[in-house]
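Engineer: This is the structure, below, for whatever I ask next.
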Amino acid sequence: MSSHHHRIRIPFWIVIVYCLLMTMWIRDMAGAETSVETMLDRQVTAPAGGVDCLDFDDPALTTLSHGRLPDASGRWLSLASETGQRDDVRVFEVVVPRSSPQAWDAQVSIPLQRKIAKGDRVLLMFDARCVASDNESSTGYAGLFVQPHGEDDRTRYPFNAGPQWQRFAYPFVAPVDHGVDQTKVVIHVASMPQTLQFAAVRLINYGSSIPLRELPTSKFTYPGRDDDAEWRIQALQRIDRIRKSDMTIRVTDTDGNPLAGQRVRIRQQRHSFPFGSAVNSMLLGGDASDFPFQRYIRGDSRGRPTTIEDARRYREIVQRYLTRVTFEGALRPHVWQWGKNRADRKGDLYRRHQVLLNATVPWLQENRISIRGHYIGWGSMNSPPIQRDFVDDVAAHKQWLWKHMQDILPATESFVDEWDTINHVVGFGQTYHQLYGDMQIDVDIMREARRLAPSLRHAINEGQILPGGSRRDAYQAVIENLNQHGQAPDVVGFMGHFDSASLTSPPDILALLDRYAKLCPRLQLTELDVDTGTDEALQADYLRDVLVASFSHPNIDAIVMWGFWENQHWKPNAALWRSDWSRKPAGDVFVDLVRNQWWTDTTVVTEADGSATVRGFMGDYQLSVGDVASDATSGVTSVVLDKQGATVDLMVP
């Protein structure tokens, strides 16, 4: 059988016209993604009958004040020239080049133009997006306040803005009279380096003419949330296929004769798949004299003091639900180095270091909970604090980093099985790649780390990959560079800090995992959390779907959350347990998946040949024949169910 190939000649002028048409189409599609016109056609609209109390579009009124952050800047965009869209919508852009101790050190200010009386129904509505951000969710963060002359009665609306235009709507009842000369709307923007854009900021007063419940409010969601979503049906089928294995049980008497009709209880004891969380070492290893314990972030106390009873509850959750932990701070370079010498820094760091080595690590080992090290190198020079001394000194930085590796890697090799060898390997601000001039530094770090700790897994880790996406291509380039130079990462990690404005659809998450699995066969979620503000139902649904999507992917070999208790969480709204230890809906989801839907506890009855088969989730099991108490040790057989399955022979006297 032969085939004939005919070469078709296309006139050159047709090629030119085709390219021009494609260029116009691509330009139009890009405009459709980011245009203000698209943004203003969103479903959230203000009811008729209200009075606008702001003149946002007036450049003489809307201003940026930045006394303590003089390099922050604001400008009005000319949409007609910059986006090709209509020019009757004005956009105010704010660029914050660096974070400041207080978010109000740079703020947009819009004075009230028409008064609002106490008790009036008011609708705050505005459009916003984040063009650039250092946030791990790839979103911007700001706090908007309707602020009278005194701050006691102000109305607060914090929000996250994603890369696409979003409309925000928030109805409220005015707590006080707002006079024209006394009240303004302010937006605090200095919490992080970011570029935010605002349009159509409105404060609409409806007086008493409309009930508050009839005013619109922002509701976030994500594609693929539906109960019958096809992606989830397929993912659950994959979970059954790749996370379970077959166990064959044979029951005989003492003479080896098969026994039919025997009831065999099969109780899972532990997952083989690592479900983990970032933890606080002091809460796992501290004694009564270490409490109450106060959490601090950048010098500010967070949450109520933690008691020894809290620590006991904390340990119970770790024991029951987790098989892996990572320390949020205890193994970071500055904490490790400053904590080794009692005289070097504050005594509490020395005490924490001793608790880590002498109490926390032994407790975790006793409970067979593996430890993931976080971290050796941090690819941005602005963090940790100890790196800032070497911002412009390549030789000094490399000497410090190599000395640190030579210290911590051998010292922890007996209890850490995997390291974030380079955290934030793409980075932000001044990066390793900028300081050293290229990506060879990544290769050198991985090579030296492997020389010092050859038995450990060495991972790279980055954010803004699953949420947001601004570092996806750069992350791929880093991995490809390491692969090409013989230092392929053992694990590629995804931080996974999601918020309301960055809820990537589960099908897209699966596609991204497919993309990176082509570069590295072992992938992990390393710092998972979901912060949806006060919308606990949204948090629960999205956490469920991220867990289902990730657990269903054959290349994901661990899922580690970045905390679980509100009082010890860097984002309290993202916690699974509240400060009082009541469980949030997201916590219910986690427990249901890890200890119910993905957990095997069943009873089978042997057939005529004395055998029975069960398909269970891989992990550690205890088997018993007949009526044996759940806490019994005699008459119980321990079995590990792995990918190859297991065959268990049980003898009944």
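The values are calculated or read from the model by the stated rules, or taken from the named source; none is laboratory data. On a predicted model such as this, the values are computed, not experimentally measured, just so you know. Note that we place each Cβ from the backbone using ideal geometry, even for glycine, and neighbour counts take in every protein chain shown. Ligands, DNA and RNA are stripped out before the accessible areas are found, and what is left, the full protein with its side chains, is counted by its heavy atoms. Shrake-Rupley method; radii C 1.70, N 1.55, O 1.52, S 1.80 Å.
Engineer: For residue 643 and residue 365, what is the calculated FRET efficiency with R₀ set at 25 Å and r taken between the beta-carbons, to the nearest 0.05?
Structural biologist: About 0.50, to the nearest 0.05.
Engineer: Another question, if that's okay. Restricting to the chain, compute how many DSSP beta bridges are antiparallel as a %, nearest 5.
Structural biologist: 65
Engineer: If the reach is capped at under 21 angstrom between alpha carbons, list the lysines near residue 584, excluding any in the same chain fewer than eight residues apart.
Structural biologist: 219, 571
Engineer: Relative to the present Cα-Cα distance, how much length would full extension add between residue 440 and residue 485 at 0.36 nm per residue of separation?
Structural biologist: 15.3 nm
Engineer: Within the accessible area of the chain, what % is carbon and sulfur when the probe is 1.4 Å and the other protein chains stay in place?
Structural biologist: 49
Engineer: Per-residue HN-Hα couplings for segment 549-562, Karplus 6.51 cos²θ - 1.76 cosθ + 1.60 at θ = phi - 60°, whole Hz, x for Gly and Pro?
Structural biologist: After applying 6.51 cos²θ - 1.76 cosθ + 1.60, I find 4, 5, 5, 7, 8, x, 9, 7, 10, 5, 10, 10, 7, 9 Hz.
Engineer: Using alpha carbon centroids, what distance separates segment 51-68 and segment 129-149, in Å?
Structural biologist: Cα centres, segment 51-68 to segment 129-149: 17 Å.
Engineer: Now a separate question. Tell me, how many Å apart are the Cα centres for segment 254-296 and for segment 396-430?
Structural biologist: Centre-to-centre distance over Cα atoms comes out at 30 Å.
Engineer: Now for a separate question. Just to confirm, what accessible area per residue do you get for segment 37-214 at 1.4 Å probe, in whole Å²?
Structural biologist: That works out to 45 Å² for each residue.
Engineer: Can you list the residues of segment 370-394 with backbone N under 17 Å from a point 7 Å past the Cα of residue 430, pointing along Cα to Cβ?
Structural biologist: Flagged as within label range: 378-394.
Engineer: Name the residue from 56, 336, 501 whose Cα lies farthest towards the positive end of the charge dipole of the chain, charges +1 on Cβ of Lys and Arg and -1 on Cβ of Asp and Glu.
Structural biologist: Of the candidates, 336 comes out farthest on the positive side.
Engineer: In addition: Could I have the simple spin-label model distance between residue 58 and residue 71, label points 7 Å from Cα toward Cβ, reported in nm to one decimal?
Structural biologist: A separation of 3.4 nm, rounded to one decimal place.
Engineer: Quick one: how many Å² of residue 531 are accessible to a 1.4 Å probe, rounded to 10?
Structural biologist: Accessible area of residue 531: about 30 Å².
Engineer: For residue 391 and residue 309, calculate 0.36 nm times their separation in residues minus their Cα-Cα distance, and state this gained length in nm to one decimal.
Structural biologist: 25.2 nm
Engineer: Taking only protein heavy atoms and a 1.4 Å probe, what accessible area per residue, in Å², does segment 376-462 have with all protein chains in place?
Structural biologist: 37
Engineer: Let me spell out the model: positive unit charges on the Cβ of Lys and Arg, negative unit charges on the Cβ of Asp and Glu, origin at the Cα centre of segment 519-623. What dipole size does that give, in debye rounded to 20?
Structural biologist: Rounded to the nearest 20 debye, it is 140 debye.
Engineer: Right, next: Find the centroid of the Cα atoms in segment 363-391 and in segment 575-653, then give the distance between the two in whole Å.
Structural biologist: If you average the Cα positions of each part, the centres end up 35 Å apart.
Engineer: So, one more: Under 17 Å from a point placed 7 Å out from the Cα of residue 217 along the Cα-to-Cβ direction: which residues of segment 537-560 have their backbone N that close?
Structural biologist: Once the point is set 7 Å along Cα→Cβ of residue 217, 537-540 turn out to lie under 17 Å by backbone N, inside segment 537-560.
Engineer: Any lysines with Cα under 21 Å of the residue 184 Cα? List them, leaving off those in the same chain fewer than 8 positions away.
Structural biologist: 115, 118
Engineer: Based on the Cβ-Cβ distance from residue 208 to residue 234, what FRET efficiency comes out when R0 is 35 Å, to the nearest 0.05?
Structural biologist: Rounded to the nearest 0.05, the efficiency is 0.10.
Engineer: Enumerate the residues in segment 99-136 having an amide nitrogen under 19 Å from the point lying 7 Å beyond the Cα of residue 46 toward its Cβ.
Structural biologist: Of the residues in segment 99-136, 109-129 have backbone N under 19 Å from the label point off residue 46.
Engineer: With every protein chain left in place and a probe of 1.4 Å, what is the accessible surface of residue 77, to the nearest 10 Å²?
Structural biologist: Using a 1.4 Å probe on the heavy atoms, I get roughly 20 Å².
Engineer: Another one. Residue 125: accessible area at probe 1.4 Å, nearest 10 Å²?
Structural biologist: Around 10 Å² of this residue is reachable by solvent.
Engineer: I'd like the FRET efficiency for residue 294 and residue 582, computed as 1/(1 + (r/R0)^6) with the beta carbon distance as r and R0 of 30 Å, rounded to 0.05.
Structural biologist: In this case the efficiency is close to 0.90.
Engineer: Looking at segment 210-315, which trypsin sites (Lys or Arg not before Pro) are in a loop (DSSP not H, G, I, E or B) and have at most 16 other Cβ atoms within 10 Å?
Structural biologist: 219, 225, 298
Engineer: Counting DSSP beta bridges with both partners in segment 518-653, what percentage is antiparallel, nearest 5?
Structural biologist: 60
Engineer: Then there is this: What list of ³J(HN,Hα) couplings, whole Hz, do you get for segment 489-504 from phi and the Karplus terms 6.51, -1.76, 1.60, once you set θ to phi - 60° and write x for glycine and proline?
Structural biologist: x, 5, 9, 9, x, 10, 5, x, 8, 9, 9, 4, 8, 9, 8, 4
Engineer: Here is a follow-up. What ³J(HN,Hα) values, in whole Hz, does the Karplus curve 6.51 cos²θ - 1.76 cosθ + 1.60 give for segment 310-324 when θ = phi - 60°, with x put for Gly and Pro?
Structural biologist: For segment 310-324, the Karplus curve yields 4, 4, 5, 5, 4, 5, 4, 5, 4, 4, 7, 10, 10, 10, 8 Hz.
Engineer: Then there is this: Take 514, 535, 255 and sort them by solvent-accessible surface of the protein heavy atoms, 1.4 Å probe, largest at the top.
Structural biologist: Sorted descending by solvent-accessible area, the residues read 255, 514, 535.
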